[in-house]
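Trainee: Before I ask anything, let me first share the structure, which is written out below as structure tokens.
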Amino acid sequence: MAEAKMPLWEVFIRSRTGLAHRHVGSVHAPDAEMALQAARDTYTRRGEGLSIWVVPSAAITASDPADKGPLFEPTASKIYRHPSFYEIPEEVGHM
Amino acid sequence: MYSQALNERVEGPRIVEDPEKLAAFQARIDAEERIEPNDWMPEAYRRTLIRQISQHAHSEVVGMLPEGNWITRAPSLRRKAALLAKVQDEGGHGLYLYAAAETLGVSREELYEQLLAGKAKYSSIFNYPTLTWADIGCIGWLVDGAAIMNQIPLCRTSYGPYARAMIRICKEESFHQRQGYEIMLTLCRGTPEQKAMAQDALNRWWWPALMMFGPPDSESQHTEQSMRWKIKRFTNDELRQKFVDATVPQGLYLGLTFPDPELRYDETTGHWRFGKIDWEEFKRVLAGHGPCNRERLAARRKAHEDGAWVREAALAHAAKRRARERAQRIAAE
Ligand SMILES: [Fe+2]
Ligand SMILES: [Fe+2]
């Protein structure tokens with residue numbers, strides 16, 4: 001008989017204070033509390049983290065790779081968003 | 001290696017792929033781009049990966065059994081703590097890999113079901129028994145050593161989630177090999193009986209360790225495609241030779257001999273040449289007729305069945321709690 005499936009959780013870990021949480025992988029667990037425990041056992045056996053987030057995988061909305069062009073390409077032509085676009089006389093010094 | 005049965009044809013209907021998409025995909029691979037879960041990929045690429053990653057995951061999980069056999073009998077607390085940590089790591093490796101396979105659209109339950117039903121393959125090496133404590137030394141030194149040889153190039157494999165899992169795994173493997181070699185070193189510096197025990201273990205594990213890299217290149221029809229897709233970066237024979245070259249000097253340092261009368265150093269190439277591998281034995285073990293195949297699967301099945309009530313209870317508890325929270329929220333509104 002097929003068993004009920006364990007929900008999937010995405011795991012994010014902050015490795016040091018001052019750094020953002022970073023995606024490290026996923027775990028299966030029945031609830032958030034057990035997902036945290038499983039994430040601790042699976043992903044922090046050697047002091048890899050100071051803080052863990054677990055998020056139900058189903059709660060993540062992702063962009064479609066097929067939309068990569070329309071989503072991200074327009075920025076390529078907007079070079080005026082970069083500091084190197086602007087010319088400042090050398091005498092002014094570092095800016 | 002951990003996915004030795006890659007030489008078999010991937011089953012499933014033949015799918016005719018759009019040649020334009022195929023060409024674009026190959027161009028991405030050639031440009032060393034990583035393929036990510038939602039990207040377009042040929043169906044055969046997906047199937048090959050599911051099979052390879054799941055065989056690898058099964059090997060990590062079944063691989064806990066031969067070593068688990070000695071945890072309660074480790075000769076000291078130091079050795080026991082190290083072995084326990086190693087076996088726990090292997091469980092973790094299995095989990096990273098099942099998770100990587102799941103990104104390809106299969107569920108862990110499905111894959112695990114295949115293993116328990118005897119339909120999935122895992123590395124032939126774990127079907128040999130661990131008769132003495134020296135076997136634990138040999139497994140760490142040789143089996144984890146062979147695994148590292150295979151896994152380091154997999155850190156650059158073309159499928160992103162697999163490569164990332166391998167990076168984590170490789171970071172953890174080096175301790176495994178070192179603790180095994182240290183066990184061998186201690187035995188070889190011990191009493192004559194202890195050294196004889198180490199020699200006996202090497203005699204039994206050497207050839208099965210060489211088989212871990214899978215059939216010779218001349219018989220691996222699918223290596224070529226896997227290399228073109230950059231799933232594999234070295235052939236079975238190349239990896240096997242690298243392993244022999246790295247390992248023989250380590251064994252000689254221990255003062256042990258290898259169970260291969262043809263083993264000799266080739267001055268001109270700088271490689272250690274070894275004798276013929278018994279591929280009939282390999283095929284037998286892979287097909288389910290090794291010394292421990294039945295025992296291994298029975299142990300996994302028992303663990304899975306004995307744990308069923310825990311998984312069921314945890315899910316029921318979570319559902320009950322969710323329902324109670326919902327009721328409280330409604331009452332508060
Ligand atoms: Fe491992
Ligand atoms: Fe290992």
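Trainee: If each of B:Glu262 and B:Glu333 carries a label point 7 Å out from its Cα toward its Cβ, how far apart are those two points in nm?
Mentor: 7.6 nm
Trainee: Tell me, what is the FRET efficiency for B:Ala31 and B:Asp237 to the nearest 0.05, using R0 = 35 angstrom and their Cβ-Cβ distance as r?
Mentor: With a Förster radius of 35 Å, E is 0.80.
Trainee: Can you list residues whose amide H is under 5 Å from B:His271's amide H, if they're 5+ apart or on another chain and H is modeled 1.01 Å from N?
Mentor: B:Asp266
Trainee: Using a Gaussian network model on chain B with a 10 Å cutoff between Cα atoms, which of B:Lys230, B:Lys80, B:Lys195 fluctuates the most?
Mentor: Residue with maximal mean-square fluctuation among B:Lys230, B:Lys80, B:Lys195: B:Lys80.
Trainee: Can you give the Rg/Rh ratio of the stretch B:161-227, where Rg is from the C-alpha atoms and Rh is the Kirkwood radius?
Mentor: Ratio of gyration radius to Kirkwood radius for the stretch B:161-227: 1.15.
Trainee: Quick one: if the Förster radius is 22 Å, what FRET efficiency do B:Ser76 and B:Cys170 give, using the C-beta to C-beta distance and rounding to 0.05?
Mentor: 0.20
Trainee: Picking from B:Glu90, B:Glu219, B:Glu182, which is most flexible by a Gaussian network model of chain B using Cα springs under 10 Å?
Mentor: B:Glu219
Trainee: Another one. Rounded to two decimals, what is Rg over Rh for chain B when you use alpha-carbon atoms and the Kirkwood radius?
Mentor: Radius of gyration over Kirkwood radius for chain B works out to 1.02.
Trainee: Dividing the alpha-carbon radius of gyration of chain A by 2.2 N^0.38 Å (N being the number of residues), what value is obtained?
Mentor: 1.73
Trainee: Can you give the FRET efficiency to the nearest 0.05 for A:Arg40 and B:Glu113, using r as the Cβ-Cβ distance and R₀ = 41 Å?
Mentor: After rounding, the FRET efficiency stands at 0.90.
Trainee: Can you give the alpha-carbon Rg of the protein assembly as shown over 2.2 N^0.38 Å, where N counts its residues?
Mentor: Ratio of Cα Rg to 2.2 N^0.38 Å: 1.13.
Trainee: Moving on. Could you go through the stretch B:319-333 in sequence order and give the Karplus-derived ³J(HN,Hα) for each residue, using 6.51 cos²θ - 1.76 cosθ + 1.60 with θ = phi - 60°, rounded to whole Hz, and x for Gly and Pro?
Mentor: Calculated HN-Hα couplings, in order: 5, 5, 5, 4, 5, 5, 4, 5, 4, 5, 5, 5, 5, 6, 6 Hz.
Trainee: Considering only C-alpha atoms, what is the centroid distance from the stretch A:1-63 to the stretch B:199-242, in Å?
Mentor: 34 Å
Trainee: Multiply the residue gap between A:Arg22 and A:Thr75 by 0.36 nm, knock off their C-alpha separation, and tell me the result in nm, one decimal place.
Mentor: That pair, A:Arg22 and A:Thr75, stretches by 16.6 nm at full extension.
Trainee: At what distance in nm do the modelled label points of B:Val16 and B:Trp40 sit from each other, each positioned 7 Å from its Cα along Cα→Cβ?
Mentor: Roughly 1.7 nm, to one decimal.
Trainee: Follow-up question, since we're still on this one. What percentages make up the Cα-Cα pair-distance distribution of the stretch B:202-296 when the bins are 10 Å wide from 0?
Mentor: 14, 41, 33, 12, 1
Any read-out appearing in this document is the output of simple, stated calculations on the displayed coordinates, not a laboratory observation. Quick caveat: nothing in here was measured; it's all calculated off a predicted structure. Here the Cβ is made from the backbone with ideal geometry for all residues, glycine too, and neighbour counts use every protein chain on show.
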